[in-house]
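**Student:** Mind looking over this structure? Questions follow.
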Amino acid sequence: MVTHMSSEIDLARVREKNVMQSTRSRVEGRVEVEAWLARARSASAQSGGNDTRDATSSANAGSSSARVVLNICLPFITTSITTKMPAAKVKDVQPKKRVLVDAPSSRQNIQKDSPSKRRKLNGQPKNFKTPGGPNSSQVKSQFEEEVLEKLTQDLDHLKQHNAEKDQQWARPSLDDFDETRDSLCFQQIEAEEGTLHGGKTCIKLFGVTETGHSVLLHVTDFMHYLYVAAPTAFQQSDCESYKAYLETHLAQHQPVIYSVQMVLRENLYGFQGNVKSPYLKITVTDPKHINKLRTSIESGGANYKGLWKGADGGVLTFDSIQYVLRFMIDTKVSGMSWVETPASKYTVIPARDRHSNCQIEAFCHYRDLIAHPAEGEWAKMAPLRTLSFDIECAGRKGIFPEANVDPVIQIANVVTRYGEEKPFVRNVFCLDTCSLIVNTQIFEFADEDKMLMAWRDFLEKVDPDVIIGYNISNFDFPYLLDRAKHLKCGKFPFWSRLRNVQSVAKDTNFSSKQMGNRDTKATNTNGRLQLDLLQLIQRDHQLRSYTLNSVCAHFLNEQKEDVHHTMITELFNGTPESRRRLAVYCLKDAYLPQRLMDKLLCLVNYTEMARVTGVPFNYLLSRGQQVKFISQLFRKALEQQLVIPNLRSEGTDEQYEGATVIEPTRGYYDVPIATLDFASLYPSIMQAHNLCYTTLLNKNAVDKLGFKKDEDYIVTPNGDLFCTAKIRKGLLTQILEELLGARKRARKELAQEKDPFKKAVLNGRQLALKISANSVYGITGATVGKLPCLAIASSTTSYGRQMIEKTRDEVQKRYTIANGYSHDAEVIYGDTDSVMVKFGPSDLAKAMELGEEAANYVSSKFIKPIKLEFEKVYFPYLLINKKRYAGLYWTNPNKWDKMDSKGIETVRRDNCRLVQTVIETSLRMLLIDRDVQGAQDFVKETIAELLQNKVDMSNLVITKALTKNDYAAKQAHVELAERMKKRDAGSAPALGDRVAYVMVKGAAGAKNYEKSEDPIFVLENNLPIDTRYYLDNQLAKPLGRIFEPILGEKKAGQLLTGEHTRSISVAAPTMGGLMKFAKKTETCMGCKKPLTGKDEKGGAVCENDRDRLGELYQKTLSKVAELEVRFARLWTQCQRCQGSMHNEVICSSRDCPIFYMRMKAKKDVEDSGKELVRFDNDGALW
C-alpha cells in the first residue's frame, strides 16, 4: 500500500545510509584510539614510564589509522574515549570519509536482467519450495520467524474433518452431493436482481454450504408491487378495467401490469381507528416498470374515470421499496441468513447453461424457498473463504504510480476459512526472480501480463466469498483493472462469480454527517463480498491517522515497515534477495488486514447487523443508516397488514428542542460523585408512552372518536397527542420490545457459551441489537429521510428533559440532612441521560450504596420500562464545563477502573501529541497522585522546553482531514495541501486524507494558514518551529480549563507567564529584501569571530585560537560521537520494528514519532559532520 510522502525522501534515504556508514566508521575509529591508548599505557608501564616515544611507537605498531588524530589530540587527552563495543571487535581499517550522493540512477521502472538469476522465467508458476537449510544466507525477519513459520495448516486435523489441504486452492469436490436426495441448504451472502429463462427477472442468491461448496440459486416468479388507496366509488369489478386502463396509459410494447387486486390494509402513518380500508395492490410483470407506474399515479396522470378527487395535487402511493428488499421482506430472508429448498423443489442447471462459476447452480420458485431465522442452530456461520491481498507497483521518482506507465510487480495473497486461525493459502506473484520465503509459494513471471492473468486464474480457482485489503476500493482494484486494460489483457477483469459480467471501477461520492464528504471508487464483484478495512475503520473509529501502519499500531500494538513508493522501484531493480524483501513486505501488507478483521470482529459484527436488520451485507457499507430501520419497519408492517406511505422527501429546516443539560457547578470535587444513568433512555421513553406512527393523533380524531385524556390518549410535554396502549399498541414499541428482548437472550447465551467463535457471533448479535434499538429514535427525527415524524422525535426529547429535571428534584428533595442523611445531596451536572450527584460522604462504599438506593427510588417514580441505574462513581472529579469533565472511574470501592475523560484534549485529533501528553500527565498527577504542585511544575517545565526548542518535532505534528474542496475561509491544512500539490502532485494529500503539518515561523504579520508546513520539508530545510503558536493556540486553553477550577483564574494564568516562558529566538529564514545581497561567513569555533582572513577561510578557528585547536577538535569530536550514538540507537530501534537487525532501514512512516526523531538525528549528524570537516581545511594542521 502506498503512503503519501515528499518526493525528497529518496535522497534523504541515501544520505541516511551514508550517515549510518559514517557512524560505524567513526565508532571503529574511536575504538582504535582507545586501543592505541591502552597499548601506549602498557608499553609506558613496561619501560618504567621513561621513554614515551618508544611507548608511542610500540602502540602505533598496532594501529596506523589513529595516528593523525592522536598527533593533534594527544597533548589534550586526559581520559580515554569510552565505547560500548568490545575491543575484540576492533578492525584495523582506515575509516572511510562520508560522501553524500544523489539517488541512484537505477531507480526507474525499466526491467533489467538480474545478474544473479538462477531460475528460468517462463511465465509458468513454479512449484512451492522451502528456503535452504541452516547454511542458507537469507536473513529472516521477525515477521517470517514469528508468523510465517507457524502458518502451516495442521494437516492431520484437516484430513479428519474435510478434504482440504494446506496450500490447496480448489474447494472440496462435489462427489457426495445428490440433487435427487439432498436439499439445497446454504448461507446466502449476497442477493441481487438478475434474469433467467430468456430474460425473466429473478433474484440471484449467492452463498456457501456447510461443507464449503459455493452456490448460486436463482429464485423465480417473485413480482414487485405497490399500493394505492382505493377511491370511495371503486368496486371489485373495476379491477380488470383499471388494469387495462393502466396498460394503455403506460403504453409499453409488452404487458406491464400483472394484476390489480382490492385488499384491506391500514395506513401506518397516524391512528386509523383500528379499521382497515380498501387498497389497490398493483403488481407489475417486471420490476423495471414499477417506477414509471408510481410516477404516473402520483402525478395524477392515471386517474381512472376521475375517481381520485383532488388528484391534481397528486395521489399518494404506498410501499416504495427496492425489488431485492421487497423480495427479502416477503420471503422472510434476512442478510447473511441460511436458506433451504427441498430436494424435489429445485432444478440444477446444466453446466453449458450456467451463468456462474459456482459449484452448484440451480433455480426454484420463490414459494419453495425456506428462510431459517438466525437463531439457535441457524446462527452458525458457513466456512466462508476470505482473500486478503495487496499489490506493489514500481513507481517513478516524485510521481504517484500511474496504471498506464508503472507496472504491477508483486501481488501477495492470504486466504483464510472462517473458523480456522491460520490461512491455508499464502503466496506471492512476482515479476522477475525472487528468493524463497518460508511457508510461502513464490510464482515468478517474466511478463507482467502473464502474471496478471495467472492471478486472475488463481482468484477463480480459490473462489473467495469475501475479498479484503487496505484501501483496495480506491487503489488496488482500479489500478489492476486499468493496468490490465493498458496491457490488453481482455480476459482479466472477470473477477465476479458471474461468467459474463466484467468488474468495472466507477467513481462514487459518499457523504454523511458522520464521515463528511469522500470521493471513492466502487468495483463490482458480483457474488463476492468486499471489505475495505480502511473505509470500515474510518466509519467506525476516530483515529489521528488512518495509514495501515498507524491503525495496526493502535489496534494490534505492532507496526509494519512503511516503504515509500520510490524505494519499491529500487528494491525491484535490485537482486532476487531485494525482491524477496519487497515480497515479505507485500505479504505482511496482505496479512495485516486479515489480522485487523479478526481483531475487530468486522465480518462477524457486520454479519449479525445484516441478520438483525434484514438487509444484504453490502448495504451496510454502501448505504446509510436509514435503510436498516426501513427494512425492519416493512417486515413488521407486513405482519400487521400495514402499508407505508411514500412521503416526498423534502428537506425542511424545521427544528425541535433536543436533550436538556443541567447547568454544571464547575469545580474540583475531592468527594465521590455518583453517576445515575437511564438505561436506553429514548427507546424506553418510546415504549413507556407508546410513541409511534400508528398511535399519532390529532385534535379532530380525538373529538370524533370521543377519547378520554390520560385513559385513551396522552398529551406529550410539547403538546402532541398519542393514543395509549389500551387503544392500540404502537408498531415501534413492538419493534423495540423484540430488539431489546432478543438482546437480553443473546447476552444470556453469551454468558454461558464457551466456544470462542460462537461467543464472537453472540457478542456481535447483542451489539447489533443495541445499535438498532438506539437508532429508531434517530430515524423519526431525520427531516431528510423516508419517514420523518417530528412529533415522535420532539415528544421523546421533551420527555427526556422532563425526566432529567424530575430526577434532580427527587434526589435533592429526599437526600437531605432533614431526612436523616449526613449531607444535603446536590446534583452538580446532568446531560441527556445521566445525572452526577454529590451525596456528601467521603467514603466510596457509602457513596455507592446511596447511588444504588437513589436509582431504585427514582425508577419507582417512572413508568416501566424506564429505569434509572447506578453505574459508577467518579472520585476525585474535575468538572470543567458542559460535556467536559475528567475523573477516576470506580465501580468497585477497593480499586479504580480507569481515568475517564470527556470533551478534553486527550481525545481530540486536531491537536498535536504534545497537548495530549501534557493534559494526560497533568490529569494523572491531579487525579491519581493528587499532586497539584507537581502538576504545575511539570507544565512549567514542558513550556520551558517547548520555548527553548527542546521538544521533539514528532510531538508538534497536527493532523486535520481534508473533507471538501472548497472551504469558506483559508485553513492551514488546505493551503499546505495546495502547496504540496505544486511541489509533487503524486504524493500530495487527496480528498478524505488527513494532512499532517507543523507551524513554522513566518514573516512578521504572517497568517497562520501561511505558516503551516510539511514536517519532512521542515526537517530537510532546517525551518524554525513557531513555538509561541503552540503555547498560545494549542496549550493555553486546555491548561486553563483544567487548572482554573483548582487554582483559580489568576493562579492558573501564571502557568503561562514567568521565568519559565523565556524563549530562544531563532530567526525565520528569508530570501527577500537585503538577504539577496547577504554573504554567509563562517565563524571561529572558539571565539565566534568571523573568519575573513586568507588563511582562515574554510577553516575551523581564527589565528587567536590556534593554540586551542586540539581542545576544540576534541570537543567537536565528542559532540559528533554523541549525536552518532543517538542516531545509531534510533536506527537500531527501527531495525527492531521492521523485524530484522541485518537489513537497511527503509521505513518512512509519518505516523511514527521515531521516524521524525531519526530524520532529525540524521540531520544533526550531517551538520556536526560538516563542522568536523572544517578542521581538515584548517591551515594550522599543515
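The values are calculated or read from the model by the stated rules, or taken from the named source; none is laboratory data. This one's a predicted model, so the numbers in the text were calculated from it and none came from an experiment. Reconstructed Cβ throughout: ideal geometry from the backbone, glycine too, with neighbour counts over all protein chains shown.
**Student:** Can you find a residue in region 354-362 that is touching a helix residue (DSSP H, G or I) at 6+ places or on another chain (Cβ under 7 Å), assigned by TED's automatic domain parsing to the domain that holds TYR269 and of a type in the set (S, T, N, Q)?
**Tutor:** Scanning region 354-362 turns up no residue that is touching a helix residue (DSSP H, G or I) at 6+ places or on another chain (Cβ under 7 Å), assigned by TED's automatic domain parsing to the domain that holds TYR269 and of a type in the set (S, T, N, Q).
**Student:** OK, next. Go through the residues of region 269-283 one by one and say whether even a single one is touching a helix residue (DSSP H, G or I) at 6+ places or on another chain (Cβ under 8 Å), outside the structural domain of ASP712 (by TED's automatic domain parsing), closer than 30 Å to THR195 by Cβ and not in a loop (DSSP other than H, G, I, E, B).
**Tutor:** Looking through region 269-283, at least one residue is touching a helix residue (DSSP H, G or I) at 6+ places or on another chain (Cβ under 8 Å), outside the structural domain of ASP712 (by TED's automatic domain parsing), closer than 30 Å to THR195 by Cβ and not in a loop (DSSP other than H, G, I, E, B).
**Student:** I would also like to ask the following. Looking at region 993-1025 only, could you name the residues that are farther than 30 Å from THR520 by Cβ and outside any loop (DSSP other than H, G, I, E, B)?
**Tutor:** Answer for region 993-1025, where residues must be farther than 30 Å from THR520 by Cβ and outside any loop (DSSP other than H, G, I, E, B): MET999, VAL1000, ASN1008, GLU1010, LYS1011, VAL1018, LEU1019, GLU1020, ASN1021, ILE1025.
**Student:** Would you point out which residue out of ALA583, ALA553 is under 15 Å from ILE1146 (Cα atoms), in the same structural domain as PHE429 (by TED's automatic domain parsing) and modelled with pLDDT of 85 or more?
**Tutor:** Only one candidate passes the filter, namely ALA583.
**Student:** Now, a different point. If we keep just the residues of region 364-380 that are surrounded by 19 or more Cβ atoms within 10 Å (Cβ to Cβ) and touching a Ser or Thr at 6+ places or on another chain (Cβ under 7 Å), which is farthest from ARG747 (Cα to Cα)?
**Tutor:** The qualifying residue farthest from ARG747 (Cα to Cα) is CYS364.
**Student:** Further question: Condition test on ILE411, is it among the aliphatic types (A, V, I, L, M), more than 30 Å from THR607 (Cβ to Cβ) and touching a strand residue (DSSP E or B) at 6+ places or on another chain (Cβ under 8 Å)?
**Tutor:** no
**Student:** Look through GLU941, GLU945, GLU849 and report the one residue that is modelled with pLDDT of 90 or more, surrounded by fewer than 19 Cβ atoms within 10 Å (Cβ to Cβ) and either polar (S, T, N, Q) or assigned by TED's automatic domain parsing to the domain that holds GLN687 (or both).
**Tutor:** After applying the criteria, what remains is GLU849.
**Student:** Would you be able to tell me the number of residues in region 614-663 that are polar (S, T, N, Q), modelled with pLDDT under 90 and in a helix (DSSP H, G or I)?
**Tutor:** 2
**Student:** Still on this structure, I have one more. Give me the residue from region 696-732 that is touching a residue at least 24 places away in the same chain (Cβ under 8 Å) and more than 21 Å from LEU642 (Cβ to Cβ) and, out of that set, surrounded by the fewest Cβ atoms within 10 Å (Cβ to Cβ).
**Tutor:** Top of the filtered list is PRO717.
**Student:** Next up: Any residue in region 741-753 that is farther than 19 Å from ARG635 by Cα and surrounded by 22 or more Cβ atoms within 10 Å (Cβ to Cβ)?
**Tutor:** Yes, region 741-753 contains at least one residue that is farther than 19 Å from ARG635 by Cα and surrounded by 22 or more Cβ atoms within 10 Å (Cβ to Cβ).
**Student:** Could you tell me whether region 796-811 includes any residue that is assigned to a loop (DSSP other than H, G, I, E, B), without any contact (Cβ under 8 Å) to a residue 60 or more places away in the chain and more than 25 Å from PHE634 (Cβ to Cβ)?
**Tutor:** So far as region 796-811 goes, no, none of its residues is assigned to a loop (DSSP other than H, G, I, E, B), without any contact (Cβ under 8 Å) to a residue 60 or more places away in the chain and more than 25 Å from PHE634 (Cβ to Cβ).
**Student:** Determine the pairs where a residue that is farther than 28 Å from ASP670 by Cα, located within region 847-866, has a partner that is part of a loop (DSSP other than H, G, I, E, B) and of a type in the set (Ser, Thr, Tyr) with Cβ atoms under 9 Å apart, the partner being 6 or more residues away or on another chain.
**Tutor:** Between residues of region 847-866 that are farther than 28 Å from ASP670 by Cα and residues that are part of a loop (DSSP other than H, G, I, E, B) and of a type in the set (Ser, Thr, Tyr), the close pairs are PRO865/SER680.
**Student:** List the strands (runs of 3 or more DSSP E) that sit entirely inside region 290-404 and contain at least 2 residues that are within 29 Å of MET597 (Cα to Cα) and under 31 Å from the mean Cα position of the chain (by Cα).
**Tutor:** Per the criteria, 385-393.
**Student:** Hey, does region 874-890 have a residue that's surrounded by fewer than 17 Cβ atoms within 10 Å (Cβ to Cβ), of a type in the set (Lys, Arg), in contact with a helix residue (DSSP H, G or I) (Cβ under 7 Å, 6 or more places away or on another chain) and closer than 25 Å to GLY800 by Cα?
**Tutor:** no
**Student:** When region 504-548 is examined, which residues are found to be assigned to a helix (DSSP H, G or I) and modelled with pLDDT under 85?
**Tutor:** If the condition is that a residue be assigned to a helix (DSSP H, G or I) and modelled with pLDDT under 85, then ARG539, ASP540 are the ones that fit.
**Student:** So, in region 1034-1053, of the ones that are surrounded by fewer than 14 Cβ atoms within 10 Å (Cβ to Cβ) and part of a helix (DSSP H, G or I), which residue ends up nearest to the chain's Cα centre (by Cα)?
**Tutor:** Top of the filtered list is LYS1037.
**Student:** Follow-up question, since we're still on this one. Return yes or no: is GLU460 surrounded by fewer than 22 Cβ atoms within 10 Å (Cβ to Cβ), of a type outside the set (Ser, Thr, Tyr), farther than 20 Å from TRP169 by Cβ and in contact (Cβ under 8 Å) with a residue 24 or more places away in the chain?
**Tutor:** Taking the combined requirement at face value, the residue does not satisfy it.
**Student:** Something else about it: Considering every residue within region 472-486, establish whether at least one is under 30 Å from CYS912 (Cα atoms) and either crowded, with 22+ Cβ neighbours inside 10 Å or modelled with pLDDT of 95 or more (or both).
**Tutor:** Within region 472-486 (the criterion being under 30 Å from CYS912 (Cα atoms) and either crowded, with 22+ Cβ neighbours inside 10 Å or modelled with pLDDT of 95 or more (or both)), the answer is yes, since at least one residue qualifies.
**Student:** Let me spell it out: the conditions are (1) in contact with a strand residue (DSSP E or B) (Cβ under 7 Å, 6 or more places away or on another chain); (2) part of a helix (DSSP H, G or I), and ASP598 meets all of them except one. Which number is the exception?
**Tutor:** (1)
**Student:** A further question on this structure: Looking at region 421-437, can you tell me whether even one residue there is outside any loop (DSSP other than H, G, I, E, B), more than 20 Å from THR525 (Cα to Cα) and over 28 Å from the mean Cα position of the chain (by Cα)?
**Tutor:** yes
**Student:** Of all residues in region 1123-1147, count the ones that are on the phi > 0 side of the Ramachandran plot and either of a type in the set (Lys, Arg) or modelled with pLDDT of 85 or more (or both).
**Tutor:** Qualifying residue count for the region: 0.
**Student:** If you go through region 1153-1182, how many residues are in a loop (DSSP other than H, G, I, E, B) and either crowded, with 22+ Cβ neighbours inside 10 Å or acidic (Asp, Glu) (or both)?
**Tutor:** 1
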